[in-house]
1. Kindly check whether there is at least one residue in the range 46-57 that is surrounded by 17 or more Cβ atoms within 10 Å (Cβ to Cβ) and farther than 22 Å from D13 by Cβ.
2. So, of the residues in the range 1-14 that are in contact (Cβ under 8 Å) with a residue 24 or more places away in the chain and of a type outside the set (D, E), which turns out to be nearest to L73 (Cα to Cα)?
3. Starting from the range 82-94, take each residue that is without any contact (Cβ under 8 Å) to a residue 60 or more places away in the chain and loosely packed, with under 13 Cβ neighbours inside 10 Å and list its partners that are aliphatic (A, V, I, L, M) and part of a helix (DSSP H, G or I), counting only C-beta distances under 9 angstrom and pairs at least six apart or across chains.
4. Do any residues in the range 24-41 that are on the phi > 0 side of the Ramachandran plot have Cβ atoms under 6 Å from those of residues that are part of a loop (DSSP other than H, G, I, E, B), where the two are at least six apart or on different chains, and which pairs are they?
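The values are calculated or read from the model by the stated rules, or taken from the named source; none is laboratory data. Since the structure is predicted, the reported quantities are computational estimates derived from the model, not experimental observations. Here the Cβ is made from the backbone with ideal geometry for all residues, glycine too, and neighbour counts use every protein chain on show. Only protein heavy atoms, including side chains, enter the accessible area calculation; ligands, DNA and RNA are left aside. Shrake-Rupley method; radii C 1.70, N 1.55, O 1.52, S 1.80 Å.
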Amino acid sequence: LAIGDKMNDVNEDAYMNGYNWEAFFNYYLKQNAPELLEDLDCDPEAGMYAAYYPRSAENEKKGQKFGELIAHLMENEEELLQIVREHGDEIEWD
């Protein structure tokens, strides 16, 4: 929640509900790891974001990579904030 608040401080459209996390990750993946968008399904809600792939060995690897990507961004919040600062107008926020 604290990271989401910081993102919103950088860009007022980035109030980080589940729908805006979906918008952010769709943008980020398209730019940085478009292969992870293939077969990706999301279930955003007002208070949460869930992403999943249909079960397969290939998709299990994608899920692992997506999880690592999320962890990297959360652990390197300045990188995350820089993306919002520099590209926030390109993201289709909710």
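1. yes
2. I3
3. Q82/V10
4. D39/Y53; D39/P54
Yes/no per residue for (1) modelled with pLDDT of 95 or more; (2) open to solvent by less than 30 Å² (accessible area, probe 1.4 Å); (3) of a type in the set (D, E, K, R); (4) under 19 Å from L80 (Cα atoms):
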position: D13; (1), (2), (3), (4): yes, no, yes, yes
position: W21; (1), (2), (3), (4): yes, no, no, yes
position: N26; (1), (2), (3), (4): yes, no, no, yes
position: L29; (1), (2), (3), (4): yes, yes, no, yes
position: N32; (1), (2), (3), (4): yes, no, no, yes
position: L36; (1), (2), (3), (4): yes, yes, no, yes
